[in-house]
1. Quick one: compute the contact order of chain A, relative version, from alpha carbon pairs under 8 angstrom and 6+ residues apart, as a percent.
2. So which of A:Lys71/B:Lys9; A:Lys3/B:Lys9; A:Lys37/A:Lys68; A:Lys37/B:Lys9; B:Lys19/B:Lys53; A:Lys42/B:Lys41 end up more than 27 Å apart by C-alpha?
3. In region B:45-113, if the dipole is taken from +1 on Lys/Arg beta carbons and -1 on Asp/Glu beta carbons about the Cα centre, which of B:Ser50, B:Leu110, B:Pro83 is farthest to the positive end?
4. Bin by bin, in steps of 10 Å, what percent of the Cα pairs in region A:28-77 do you find, going until the bin that has the longest distance?
5. Over all pairs of distinct alpha carbons, what does the Kirkwood formula give as the hydrodynamic radius of chain A, in Å?
6. What relative contact order, as a whole-number percentage, does chain B give when Cα pairs under 8 Å and 6 or more residues apart are counted?
7. Once each part is reduced to its C-alpha centroid, what is the distance from region B:53-113 to region A:1-65 in angstrom?
8. For chain B, give me the percentage of DSSP beta bridges that are antiparallel, rounded to the nearest 5 percent.
Amino acid sequence: GEKVEQHESTLSVREGDSAVINCTYTDTASSYFPWYKQEAGKSLHFVIDIRSNVDRKQSQRLIVLLDKKAKRFSLHITATQPEDSAIYFCAASSYQGGRALIFGTGTTVSVSP
Amino acid sequence: DPKIIQKPKYLVAVTGSEKILICEQYLGHNAMYWYRQSAKKPLEFMFSYSYQKLMDNQTASSRFQPQSSKKNHLDLQITALKPDDSATYFCASSQDAGGRTQYFGPGTRLLVL
């Protein structure tokens, strides 16, 4: 089955800098790649996603890149703010089976003023 | 108003007992899911349902049984509880199962003593 590896377990950045989180996946059938943010003690909040028919997507300060050949995707948080501090999870899903989201292990992002 | 309701928010159970976790969504979605998050296995997919039919089950144990009495309900019955079942259980839903964004409920935190 699909396995998603999230490469950075923690990331510390200064306010205003960019944070980059990298994930790789194993299943070539995966075609949908969402990102979620989880603040302490709270649920998962959807932030952005990308589908396999594009290789870049931007939503305000968030950019997602997808490299299908390398089976790698990444989240770029630009102009970071303290409220960006949270755990970020990448996930992958295919159109086969039950559309399960297979998650990475999470990256704790800390933005210091 | 919360669009995905999970009840109860916290649950303490005795080993060997049985509990039901409730999930209701008011987003008009046709697909619903259960995920589990614990210290040992962060964010693990359990079940997916579409139009009240089971699509995928990646839970090895038959002690976990989803129950869908209405289109917008997907409860989770857990029997013969074990301390290892201690986790936060998240319900999620999406418009349909075709790679659409999944929105997560607030979770039920289960502690088995």
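Every number here is computed from the coordinates shown, using simple stated rules; none is lab data. The structure presented is a predicted model; accordingly, all values stated were derived computationally and were not measured. Here Cβ is always computed from backbone atoms with ideal geometry, including for glycine, and neighbour counts include all displayed protein chains.
1. 37
2. The answer is A:Lys71/B:Lys9; A:Lys3/B:Lys9.
3. Selected residue: B:Ser50.
4. With a bin width of 10 Å, the distribution comes to 24, 51, 22, 3.
5. One over the average 1/r among Cα pairs gives 14.1 Å for chain A.
6. 36
7. Taking the Cα centre of each part, region B:53-113 and region A:1-65 sit 23 Å apart.
8. Details: 34 of 38 bridges.
Bridges in chain B that DSSP calls antiparallel: roughly 90 percent.
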